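Have a look at the structure below, then the notes.
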Amino acid sequence: MASIGWSKRVFMLGCLVLAGFLCVGPAVAQETMTETAEGEVPAELGDTLGQMEMTDSLAEPGDSLAVGAGFADLEEDTSFLGRIAKSGLVDLFHKGGDFMWALLALSLIGLAVLIERLFTLFRAKTNVRRLMGRIVQALQSEGVEGAMKVCEGTRGPIAAILHAGLMKADRGPDEVEKAIQSSGTIEMSFLERGLVVLSSVATIGPLLGFLGTVSGMIHAFEAIAAAEQVNAKLVATGISEALITTATGLIIAIPAQAAFNFFTSQIDRFVIEMEEASTEMIDALMQMEGK
């Protein structure tokens, strides 16, 4: 529980690759549509058109509907690429300047950590009432060994710290409490791993956006100084392009901060459940020794 396995590392890498594909995909689509608009037909599209023309020449009059359906599918695919290319996201990305690449990298890091923490905290959830009922029942019927088997068969940090306490049951309640505290510290550090990254993303995102805005404003004023005639359109265009990075930084920071607050609240809930479960187990051990 206290270390990240290879499966989770592969999961985080897959999240990064998926996020990168989603970000780069529109740019590739726009480039493809640009080349097509300039008259350069891709090889795959040319082969498809050639096959469809040959089919049309050899087809019977009654087969015209099938050929028409093929052209309809082709137009539908092309329009899909067109919608991606014309969405405006790629244009905004390029207009934002070089700082947009830093913001893109920051967003990918934040997204990977967010997904990994969601996966980890979801697996850490445990029905504490049910678990404690099984442990108390096992202590009464099978002793400490039975309770340890119940903890070993349950995933999550609460079961892990209870198992650590049960391993010291023969040394008295004080040693059990110390073992639970030590294990709880380790499990808490595991649950809080990555939250610093999310907090950094929420803090650095707007700062990078403001820095990109300052850089864009400098370029805008340089363009104004170099222009012989200054009009409102020139000024408004430069300012709007400079503010793109600020908006992007805020778009990245707001979900990161919301995720950080949510994960913090979940971890606080885990802490309360750990304390209640450990206290209940120590009481059960003391009652068992008093009999």
Legend entry - Which numbered condition residue 285 fails, given (1) within 26 Å of residue 190 (Cβ to Cβ); (2) modelled with pLDDT under 85; (3) surrounded by fewer than 14 Cβ atoms within 10 Å (Cβ to Cβ): (3)
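Could you please find all residues in the range 190-200 being within 27 Å of residue 104 (Cβ to Cβ), surrounded by 13 or more Cβ atoms within 10 Å (Cβ to Cβ) and not polar (S, T, N, Q)?
Step one: filter the range 190-200 for residues within 27 Å of residue 104 (Cβ to Cβ), giving 192-200.
Checking which are surrounded by 13 or more Cβ atoms within 10 Å (Cβ to Cβ) leaves us with 192-195, 197-200.
Residues satisfying the conditions are 192, 193, 194, 195, 197, 198.
Residues checked against (1) surrounded by fewer than 14 Cβ atoms within 10 Å (Cβ to Cβ); (2) in the same structural domain as residue 277 (by TED's automatic domain parsing); (3) hydrophobic (A, V, I, L, M, F, W, C):
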| residue | (1), (2), (3) |
| --- | --- |
| 166 | no, yes, yes |
| 175 | no, yes, no |
| 188 | no, yes, yes |
| 202 | no, yes, yes |
| 206 | no, yes, no |
| 217 | no, yes, yes |
| 220 | no, yes, yes |
| 225 | yes, yes, yes |
| 232 | yes, yes, yes |
Inset, instruction - State whether one or more residues within the range 102-111 are over 16 Å from the mean Cα position of the chain (by Cα), under 22 Å from residue 254 (Cβ atoms) and hydrophobic (A, V, I, L, M, F, W, C). - result: yes
Inset, instruction - Considering each residue of the range 126-142, count those that are of a type in the set (D, E, K, R) and surrounded by 15 or more Cβ atoms within 10 Å (Cβ to Cβ), and give that number. - result: 1
Legend entry - Residues (over 23 Å from residue 90 (Cβ atoms) and in contact (Cβ under 8 Å) with a residue 40 or more places away in the chain) located in the range 231-255: none
Inset, instruction - Return only the number of the condition from (1) outside the structural domain of residue 206 (by TED's automatic domain parsing); (2) surrounded by fewer than 18 Cβ atoms within 10 Å (Cβ to Cβ) that residue 90 does not satisfy. - result: (2)
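Any chance you could count how many residues in the range 213-230 are polar (S, T, N, Q) and free of Cβ contacts under 8 Å to residues at least 60 places away in the same chain? Before the answer, list the steps.
Within the range 213-230, the subset polar (S, T, N, Q) is 213, 215, 229.
If we keep only those that are free of Cβ contacts under 8 Å to residues at least 60 places away in the same chain as well, we get 213, 229.
Selection size over the range 213-230: 2.
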Inset, instruction - Go through the residues of the range 272-284 one by one and say whether even a single one is under 27 Å from the mean Cα position of the chain (by Cα) and under 20 Å from residue 94 (Cβ atoms). - result: no
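The values are calculated or read from the model by the stated rules, or taken from the named source; none is laboratory data. Because the structure is predicted, anything quoted here is derived from the model rather than measured. Note that we place each Cβ from the backbone using ideal geometry, even for glycine, and neighbour counts take in every protein chain shown.
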